[in-house]
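The values are calculated or read from the model by the stated rules, or taken from the named source; none is laboratory data. Since the model is a prediction, treat every value here as computed from it, not as a measurement. Cβ placement follows ideal geometry from the backbone for every residue including glycine, while neighbour counts extend to all protein chains displayed. Ligands, DNA and RNA are stripped out before the accessible areas are found, and what is left, the full protein with its side chains, is counted by its heavy atoms. Shrake-Rupley method; radii C 1.70, N 1.55, O 1.52, S 1.80 Å.
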Amino acid sequence: MSNISRIHQSFLSQTSSPSAEARKSIDALKTWNPHFNALVRSNFEWATSHALHQTESLSPAYIQSKPLLGIPCTIKECFAWKGMPHSSGLKSSHDVVAHYNAPTVQRLLDAGALPIGSTNLSELCMWMESYNTVYGRTNNPYDLHRTVGGSSGGEGAMVGSGCVPFGLGSDIGGSIRMPAFFCGVFGHKPTPGLVPNSGQYPNAEGEAQDYLCTGPLTQSAHDLMPILKVLSDRDDLVDPSSVDLSSLVVYSMIGDGRRSLSKELRKSQAMVAQTLSDHGLTVIEHTIPEFKYSVEIWSAALEAAGGVPFRELLFEDPSHSVLFEILRFIFGTSQHTFPALGLVLIEDFGKRFDTLKPFVEQGIALRKQFHDLLGKNSVFLYPSHAQVAPKHRKALLPPWNWAYTAILNIMKVPVTQVPLGLNRSGIPLGVQVAAGPHQDHLSIALAIALEREFGGWVEPPKP
């Protein structure tokens, strides 16, 4: 049973209440957050008083009218949430407070959810380590010396620790799926355009709006579609329970031919493929040679999409010397993180030498090929990363392993990250499941099946 169904059932049977669920999450957070620094601003007072109001209003009809009634959650700090910080980890914006709710935040509130706070992220949402000079660094609940991923890393830590059943994240290169993988939970990047991106800072522009996606991170795969229905602009999403899994064709690609994949992740994906084959599904080992150039294709696609240059977002003065700022970083006086400064360098280099232009057309052709492969009844297994959650700062060596998630943004397909238990060191394993455009129900249906087979989220040890 999903967490949402379980909690709602407890309301109907009067064995629990929104007030009790809110207190449970807040108490857990007070234990966890001093250790992992995931919550950057609490909303406890509002959540507690609102939960009390919901408790006093409980009735079967009221519960049915609010699909997320009494469910505690958290919100990534880059989403506008009235009265809450909205800096995206940028030091010069550290005192910015949102004066309205992003559409997705409002939809969660309207559905009865109880957001208990805003969570940490990488500077301007553009790196796989949730660290910035406003809020500091977030630690992994399975090993406090390891990264939670980025940029929705605070959400990954909150859900992975068990403090909340779900959180709201965004993803332009893996920012939902990487934290979900590193923190042992489910994460879904929807079909582009299914969920509005407005109300985020920074936001994508032009075609990059199709690369940026807003979606949920959850403890249970069963909760992905109910939350997606609340967030979505469409009311005709297919129920994953209607999917005939035996008719699915499963393509499995282990590794991209360029970035070394750890043996344990190779083994876990092979185990998934074998398990599905044993259950009668058609499983085909597949190779897409062009995925070797995932970094170049992703970078070229974002560059071609236009929009505000990253240096203009990062620096108050766009003409500011990034080399001077790197020097300041070395001496500990910069307000910025090294990955953000490095991204400006890469951006400047690309514009000066126009090295990425050939990869734009390659990405377009590859997308058509990928859509043709998946059609309406196939899914694609692909590693979530090259290794399990690395130690802090180790993500820089090598710096390109996010390519495993980023290429699927450019493919414009829905993708679900699925946890597959823990390795011998107690660190989460996982795999991505992609489906064709508007076939979100297929990847979620397979995620539900894999949760049943491999156990899904595993509670981490208490701090």
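Modelled this way, with points 7 Å down the Cα-to-C-beta line, the labels at residue 361 and residue 198 are 3.7 nm from one another.
Applying the Karplus relation 6.51 cos²θ - 1.76 cosθ + 1.60 with θ = phi - 60° to region 129-134 yields 3J(HN,Hα) values of 10, 7, 8, 7, 8, 8 Hz, where x marks Gly and Pro. In the context of the full protein assembly, residue 326 retains an accessible surface of approximately 30 Å², using a probe radius of 1.4 Å and ignoring ligands and nucleic acids. Beyond 35 Å, what share of the Cα-Cα pairs of the chain remains, rounded to the nearest whole percent? Value for the chain: 25 percent of Cα pairs lie more than 35 Å apart.
In the assembled protein chains, residue 324 presents an accessible area of approximately 100 Å² (probe radius 1.4 Å). With 5 Å bins beginning at zero, the pair-distance distribution over Cα atoms of region 222-269 amounts to 4, 15, 15, 12, 12, 17, 16, 9, 1 %.
Restricting things to Cα coordinates, could you compute the convex hull volume per residue of region 113-191 in Å³? Could the numbers behind the result be given before it?
Values: hull volume 6.9 nm³, N = 79.
Convex hull of Cα atoms, per residue: 87 Å³.
Just so you know, the averaged projected area of the alpha carbon convex hull for region 224-333 sits at 12.9 nm².
For region 1-54, which semi-axes, largest first and in whole Å, follow from the square roots of 5 times the eigenvalues of its Cα gyration tensor? Intermediate results must be reported in sequence, preceding the final value.
Details: eigenvalues 107, 40, 14 Å².
Those come to 23, 14, 8 Å.
If R0 is taken as 25 Å, the Cβ-Cβ distance between residue 423 and residue 24 corresponds to a FRET efficiency of 0.30. Scalar couplings 3J(HN,Hα) for region 393-406, obtained by applying the Karplus form with A = 6.51, B = -1.76, C = 1.60 to θ = phi - 60°, are 6, 6, 5, 6, 10, x, x, 10, 6, 5, 4, 5, 8, 4 Hz; x denotes Gly and Pro.
Taking only C-alpha pairs under 8 Å that are 6+ residues apart, what is the relative contact order of region 162-272 in percent? Could the numbers behind the result be given before it?
Numbers: 125 pairs, mean separation 28.1, N = 111.
In percent, rounded to a whole number, it is 25.
Full extension of the chain segment joining residue 242 with residue 321 gains 22.9 nm, where the gain is 0.36 nm per residue of separation less the Cα-Cα distance. Annotation: amide H-H contacts under 5 Å for residue 213 (H modelled 1.01 Å from N, sequence separation of 5 or more, or interchain): 171, 172.
Take the Cα of residue 44, step 7 Å toward its Cβ, do the same at residue 106, and the gap between the two points is 3.0 nm. Summed over all non-identical Cα pairs, the Kirkwood treatment of region 158-291 gives a radius of 16.9 Å. The alpha-carbon positions of region 405-453 define a convex hull whose volume is 57 Å³ per residue.
Just to be sure I understand the model, the point goes 7 Å from the Cα along the line to the Cβ. What's the resulting residue 368 to residue 14 distance in nm? My value for the distance between the label points is 6.4 nm.
Looking at region 338-463 from every direction and averaging, what is the projected area of its Cα convex hull in nm²?
Details: hull surface 40.6 nm².
About 10.1 nm², averaged over all directions.
Note on region 283-417: along the principal axes its Cα atoms extend 53, 34, 21 Å, ordered by decreasing extent.
What share of the DSSP beta bridges in the chain is antiparallel, in percent to the nearest 5? Don't jump to the answer; show the numbers that get you there.
Details: 31 of 46 bridges.
DSSP beta bridges in the chain are roughly 65 percent antiparallel.
In summary, the lysines within cross-link reach of residue 66, defined as a Cα separation below 24 angstrom excluding same-chain residues under 8 places away, comprise 24, 76, 82, 189, 229.
State the volume of the convex hull built on the alpha-carbon positions of region 330-405, expressed per residue in Å³ and rounded to an integer.
Working: hull volume 10.8 nm³, N = 76.
Considering the Cα atoms of region 330-405, their hull volume per residue is 143 Å³.
Here the chain has 53 percent of its accessible surface on carbon and sulfur atoms, given a 1.4 Å probe and all protein chains in place.
Show me the ranking of peptides 155-163, 27-35 by mean Cβ neighbours inside 10 Å, starting with the highest. Let's see the in-between values first.
Values: 155-163: 31.6, 27-35: 15.9.
Highest mean packing first, the order is 155-163, 27-35.
Legend: P(r) of region 74-209 from all alpha carbon pair distances, 10 Å bins from 0, whole percents, reading 14, 47, 35, 5.
Taking the inverse of the mean reciprocal distance over all distinct Cα pairs, the Kirkwood hydrodynamic radius of region 1-147 comes to 16.2 Å.
Only alpha carbons enter this Debye calculation for region 95-144, each as an equal point scatterer, and the log10 of I(q)/I(0) it gives at q = 0.31 Å⁻¹ is -1.12.
Local charge sum around residue 237 (other residues, Cβ-Cβ under 12 Å, Lys/Arg +1, Asp/Glu -1)? It would help to have the intermediate numbers written out before the result.
Values: positive: 229, 234; negative: 233, 235, 236, 239, 440.
Summing Lys and Arg as +1 and Asp and Glu as -1 gives -3.
Heavy-atom accessible area, probed at 1.4 angstrom with all protein chains present, ranks 296, 205 as 205, 296, highest first.
Measuring with a 1.4 angstrom probe and ignoring ligands and nucleic acids, residue 239 comes out at about 70 Å² accessible. Compute the relative contact order of the chain as a whole-number percentage, counting only Cα pairs closer than 8 Å that sit 6 or more residues apart in sequence. Dividing the mean separation by the residue count of the chain yields 18 percent. Go through 269, 240, 209 and say which Cα lies farthest out towards the positive end of the charge dipole of the chain; charges sit on Cβ, +1 for Lys and Arg, -1 for Asp and Glu. Selected residue: 269. For the chain, a simple Cβ point-charge model (Lys and Arg +1, Asp and Glu -1, everything else neutral) yields a dipole of about 1020 debye relative to the Cα centre.
So how strong a dipole does region 45-100 carry about its Cα centre when Lys and Arg Cβ are +1 and Asp and Glu Cβ are -1, to the nearest 20 debye?
The dipole of region 45-100 has a size of about 160 debye.
When the Cα convex hull of region 48-123 is projected onto planes of every orientation, the mean area is 5.3 nm².
Only alpha carbons enter this Debye calculation for region 284-353, each as an equal point scatterer, and the log10 of I(q)/I(0) it gives at q = 0.16, 0.22 Å⁻¹ is -0.65, -0.98.
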